[in-house]
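> My questions all concern the structure below.
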There are 4 protein chains.
Amino acid sequence: MDSGSERAVPRKRADARRNEKALLDAASAAFVASGVDVPVRDIAAKAGVGVGTIYRHFPTRADLIVAVYRHQIEACAEAGPALLADSGTPHTALVQWINLFVDFLITKHGLAEALQSDAAAFQTLHAYFLDRLVPVCDQLLDAAVAAGEIRPETDAYGLLRGVGNLCIGAGNDPRYDARRLVQLLIAGLRLR
Amino acid sequence: MDSGSERAVPRKRADARRNEKALLDAASAAFVASGVDVPVRDIAAKAGVGVGTIYRHFPTRADLIVAVYRHQIEACAEAGPALLADSGTPHTALVQWINLFVDFLITKHGLAEALQSDAAAFQTLHAYFLDRLVPVCDQLLDAAVAAGEIRPETDAYGLLRGVGNLCIGAGNDPRYDARRLVQLLIAGLRLR
Amino acid sequence: MDSGSERAVPRKRADARRNEKALLDAASAAFVASGVDVPVRDIAAKAGVGVGTIYRHFPTRADLIVAVYRHQIEACAEAGPALLADSGTPHTALVQWINLFVDFLITKHGLAEALQSDAAAFQTLHAYFLDRLVPVCDQLLDAAVAAGEIRPETDAYGLLRGVGNLCIGAGNDPRYDARRLVQLLIAGLRLR
Amino acid sequence: MDSGSERAVPRKRADARRNEKALLDAASAAFVASGVDVPVRDIAAKAGVGVGTIYRHFPTRADLIVAVYRHQIEACAEAGPALLADSGTPHTALVQWINLFVDFLITKHGLAEALQSDAAAFQTLHAYFLDRLVPVCDQLLDAAVAAGEIRPETDAYGLLRGVGNLCIGAGNDPRYDARRLVQLLIAGLRLR
DNA sequence: CATGAATGAGCCTTCATTCAT
DNA sequence: TATGAATGAAGGCTCATTCAT
């Protein structure tokens, strides 16, 4: 019935989509294992495809990096307003949202490192994170300020970068507890 | 007879020392300009020596990195007890000492990044920093805890790594104020 | 019964012919723009077909090149006898025919270059040009020799290659006037 | 006696110079065999050195090409005034000089091809040839014009490019006689 | 001891060609 | 038959490291 219209649009992409999924999985794993600078060949090998396939799907390394992390960044961004609506106070929502962000970063070893790199290949990644998350963070900070819970002059951009930096190296080293440090940082924001 | 060789030895040493000094200066400048991953040849060129000379003096990159920063780490380490003795309260001493550390890091672009790298070449650097500074930080934290100024359970190692991480990227980006974030972190330590 | 298959065959042919025409146009444009070494994909994209379609129609690059230029080579070849019949003297006919050839070449940027290439992909092209044009040139030269207008010992093959070579790079460089040089070359053939 | 000053300047370069010579020989041979686009690796292999050695001596391909042909271009350039002084008439000198140039080109298969390439890597080569040879050709043309031997309006740049183009493919093909065609071209210049 | 020439592994990227859909 | 995804060989270039001078 509707099978005609269903078939018409995607067609050939069955295998290509499978490949793209394999590529993203392989890249994600490779980024964790060896950092986002991992050689393209290694990713290709892990995905069981030729290098050309990677270049076809993701012409630049930035395209690949963004693709790997896009879904999770989106989910994080969307969680902000939801937490604000559901939580008791704005400050609680802020803490929970930051925890969400931290959990995301520290489970993706190498991502926090990539976020602070100023290499050209990462500019797009950097920009994508900021474009998506700074407004959300801003909203949460504003609400907490309006509720008289935290200092007024805090900058969302700086705070997110700080949180991101604190997550660097977490996961490699059991002696380094990024979550605790982020809590201290947020605690430092509180009035009184 | 052997007066020649006797003379020869100190002379060589003088040369070698001069060379080592030039090397360290060049490496320091190169690290600031291009990060601690800067090509060996660039350092050699800046120092006006051949690459072989660098390898002779510093067989591994870690040896060079540690040598470059040793004096400043020492100075920082020694400042800890002095501040504790001179400052009004342990907490004031802690804040001042952390500021000293932060100033050191953010004026050495690339150093904070190197400290968090888990590349083999940087292990020695990492270890040297921690060996030297963790005990000092511990001492300051203990004093502040004993004075009832900060939370008791804080770990010096984690704190120093966090402070180091917060310094990453400072200096490249006027929108990122690492000093402010470190202040918030330390503020988060305070009781009440 | 077989009316269906009878209809089917011409229909396919119509499609195929349309495709082939689009391909030749696209290839012609691409050759002009980027030389006959232009990537197959570029031609396919310009033609709006897949690369596979090109390989189906023209298994080797030479096949495609010859197909692109066949019509114009034919037209040039056929103009020879016509000019000989219409012009006042054989020498005039020769000059006009050479000018025709030169105009053809210098309006197809990259073609003269391709003609002199000894790459395997161009052998067929080379051969086709020569098979078709050398006899015509020979006829014109013979007539001019018979009329006592030019030196007798001239070889059509060499002359055509020389004229082709002189056309290389014409059109890129306003300081290089291929037509003028070809005129000098033909002038050099004249007796006296 | 003067051995001290002799030794002081060159030193280490003994092997390096040997290598450079080997490189130029290998490159020259490789250019002839495979054109000036020959892979760097092939040249390195032929010379028995690593690719790095080539890049050390000749940072760009253009540097290598110019180095390979410099001596012979110089010799050709210097022969111009000498021929003009020694030959009976300017036209004779011109013919002999052009023959010298032609002999040079057709014994370096691939060189004439490279000269007409507009690839970036060859710009320097192109420029070097023209800078060095156009003035010499101009001088010879001027003298022949002044002697009333050839047409006055001939441009040295265009003539040299034409001669160069006529030499393309000579040597691969016994049926193509570039020398003869160049003679015809120069004959075309003659008055009457 | 210092030098810097040489080495070559290793990464990136492009594209001709094949073949499953 | 047409498509275009996938492949992988090929070539460019950079540097860490070694070693003859």
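> Would you jot down the residues in the range A:173-191 that end up with at least 30 Å² less accessible area in the complete protein assembly than in the chain alone, with a 1.4 Å probe?
Buried on complex formation: A:173, A:175, A:176, A:180, A:181, A:184, A:185, A:188.
> If we hang a label 7 Å off Cα along the beta carbon direction at residue D:63, how far is it from the matching labels on the other copies, in nm, shortest first?
Sorted ascending, the copy-to-copy spacings read 3.1, 3.4, 4.6 nm.
> Using 1/(1 + (r/R0)^6) with R0 = 60 angstrom and r between the beta carbons of residue B:25 and residue A:25, what's the FRET efficiency to the nearest 0.05?
FRET efficiency, residue B:25 to residue A:25: 0.80.
> Determine the shielding of peptide C:118-128 by partner chains: average, over its residues, the number of Cβ atoms on other chains within 10 angstrom of each Cβ.
1
> What does the charge count near residue C:66 come to, summing +1 for each Lys or Arg and -1 for each Asp or Glu among other residues with Cβ under 15 Å from its Cβ?
That sum, taken over residues with Cβ under 15 Å, equals 0.
> What's the magnitude of the charge dipole for the protein assembly as shown around its Cα centre, counting Lys and Arg as +1 and Asp and Glu as -1 at the beta-carbon? Answer in Debye, nearest 20.
Around 660 debye, computed over the protein assembly as shown.
> Continuing with the same structure: In nm to one decimal, list the spacings between the residue A:175 label point and its equivalents in the other copies, with label points set 7 Å along Cα to Cβ, shortest first.
The answer, with the shortest distance listed first, is 3.6, 6.9, 8.2 nm.
> Count neighbours as other Cβ atoms within 10 Å of each site's Cβ, and list the GluC sites (Glu not before Pro) in the range D:112-192 that are DSSP loop with at most 14 such neighbours.
D:153
> Going by amide H atoms built from the backbone, whose H comes under 5 Å of the H on residue C:150, apart from near neighbours?
Here the answer is C:145, C:191, since their amide H atoms fall under 5 Å of that of residue C:150.
> Sticking with this structure for a sec: Can you list the equivalent-ellipsoid semi-axes of the protein assembly as shown, largest first and in whole Å, using the square root of 5 times each Cα gyration tensor eigenvalue?
72, 41, 20
> For the range D:90-169, what number results from the quotient of the Cα radius of gyration and 2.2 N^0.38 Å?
1.12
> Looking at C:92, C:71, C:124, which one has the Cα that reaches farthest to the positive end of the dipole of the range C:62-192 (charges on Cβ: Lys, Arg +1; Asp, Glu -1)?
Of the listed residues, the answer is C:92.
> To continue, here is another question. Show me D:98-108, D:44-54 ranked by packing, highest mean number of other Cβ atoms within 10 Å first.
Per-residue mean Cβ counts within 10 Å order the peptides as D:98-108, D:44-54.
> Over the range C:62-192, with every protein chain in place, what whole percent of the accessible area is carbon and sulfur at 1.4 Å, could you tell me?
53
> Something else about it: Closest beta-carbon to the B-to-C rotation axis: which chain B residue owns it, and what is the separation in whole Å?
That would be B:39, 18, residue then distance in Å.
> Just read off the accessible area of residue C:28 with the full protein assembly in place, 1.4 Å probe, to the nearest 10 Å².
Accessible area, nearest 10 Å²: 40 Å².
> Only Lys, Arg, Asp and Glu count, each charged at its Cβ (+1, +1, -1, -1), so figure out the dipole size of the range A:62-192 about its Cα centre, rounded to 20 debye.
380
> Which order do A:78, B:20 take by accessible area at a 1.4 Å probe, largest first?
Ranked list, largest accessible area first: A:78, B:20.
> Also, I was wondering about something else. In Å, the Kirkwood hydrodynamic radius of the range C:53-192 over pairs of distinct alpha carbons?
Taking every pair of different Cα atoms in the range C:53-192, averaging 1/r and inverting gives 15.7 Å.
> OK, next. Could you pull out which residues in the range A:85-118 have an amide N less than 19 Å from a spot 7 Å beyond the Cα of residue A:67, following the Cα-Cβ vector?
Of the residues in the range A:85-118, A:111 have backbone N under 19 Å from the label point off residue A:67.
> If you don't mind, another one. For residue B:21, which inter-copy label distances result when the label point lies 7 Å beyond Cα on the Cα-to-Cβ vector, reported in nm to one decimal and in ascending order?
Ordered by distance, the counterparts are at 4.4, 6.6, 8.5 nm.
> Using only protein heavy atoms and a 1.4 angstrom probe, determine the accessible area buried between A and B, summed over both sides, in Å² to the nearest 100.
When A and B are taken together, about 2200 Å² of accessible area is lost.
> Express in whole angstrom the spacing between the alpha-carbon centres of the range D:170-189 and the range A:125-192.
78
The values are calculated or read from the model by the stated rules, or taken from the named source; none is laboratory data. Computed from a predicted model, the values in this text were never measured in an experiment. Neighbour counts run over all protein chains shown; Cβ positions are idealised from the backbone, glycine included. Just the protein is used for accessible areas: all its heavy atoms, side chains included, with ligands, DNA and RNA removed. Shrake-Rupley method; radii C 1.70, N 1.55, O 1.52, S 1.80 Å.
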